[in-house]
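Undergrad: Provided herewith is a single structure, encoded as structure tokens, for subsequent inquiry.
The values are calculated or read from the model by the stated rules, or taken from the named source; none is laboratory data. Here the structure is a predicted model, which is why all the values come from computation and not from measurement. Counting neighbours? That spans all protein chains shown, and the Cβs are built from the backbone with ideal geometry, glycine included. Please note that ligands, DNA and RNA were not included when accessible areas were found on the heavy atoms of the full protein model with its side chains. Shrake-Rupley method; radii C 1.70, N 1.55, O 1.52, S 1.80 Å.
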Amino acid sequence: MTDISGSLVRFALAEHPVVPTELRAAVPDFAVAHPARRDGHLAALRATHSDDDLRMRALDAAAGLAYSGVHALVAATAAVAGLRHAENADRATVLGCEVACRLAAALGAPPEELAVIGAALAGSLDPTAGGHALGLAATQVTTVSGGGNEPEISALHAAFAAADGIEAALLGERGFTAPPHPIEGRRGMLALLAPTANGEDLVRDLGKRWFAEEVLGTRTS
């Protein structure tokens, strides 16, 4: 049986991955995202945390990117990658989005519903902690959308995904463990949300075919 969860984590956190230049170039710079101060819900969340809280910094950056028109999955993943990976943030963003997009295709869900997965992987620094982060993030995926396409809904979705994703990554680093097969396990995402899906499709042509082209806006056909 293929270790699907482990394969996806190792792909997302590979030391020297080959990522197409056009995909890396399409990643927005989270540093230019302006906090969405006009959003009352986000303002209420900020009031409960200090300005230097990493979860709130991820939330702010993701919301700012989403308000600027960036896809919610990309916004959440880029926000976390920017806080955790410095010069390799674009690479971490593409890889996190790729895993999330592949999962979305397998589940028959919109990619933004898997944003917490992309953010959790983008926030992880090594495969062991990343495996736990994936497991923690997987428990938050329902594929049920809570709203429409309004900018405020998209921004909140991206913001919470970024905050929850970076928290999952930090918990994984600090020894908070999760089941080893959160995707293909007996009570994993596929079994619970898409029991007829073929898990092998998630790792087929990994690193050769890029599902993330759709959310990064580089698909030409």
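Undergrad: When only residues in the range 67-91 that are in contact (Cβ under 8 Å) with a residue 60 or more places away in the chain and of a type in the set (Gly, Ala, Ser) count, which is surrounded by the most Cβ atoms within 10 Å (Cβ to Cβ)?
TA: Ala76
Undergrad: Condition first: farther than 18 Å from Pro110 by Cβ and open to solvent by 90 Å² or more (accessible area, probe 1.4 Å). Now tell me which residues in the range 193-221 satisfy that.
TA: Hits for the range 193-221 are Pro195, Thr196, Arg204, Lys208, Arg209, Thr220, Ser221.
Undergrad: Cβ contacts < 7 Å: first residue closer than 13 Å to Ile4 by Cβ and open to solvent by less than 20 Å² (accessible area, probe 1.4 Å), restricted to the range 96-113; second residue in a helix (DSSP H, G or I) and among the acidic types (Asp, Glu), any location; separation 6+ or different chain. Result?
TA: none
Undergrad: Still on this model: What's the number of the condition Glu152 fails, among (1) part of a helix (DSSP H, G or I); (2) open to solvent by 60 Å² or more (accessible area, probe 1.4 Å); (3) over 24 Å from Gly40 (Cβ atoms)?
TA: Here Glu152 clears every test but (3).
Undergrad: Take Gly118 and tell me if it is over 25 Å from Pro20 (Cα atoms) and open to solvent by less than 30 Å² (accessible area, probe 1.4 Å).
TA: Taking the combined requirement at face value, the residue does not satisfy it.
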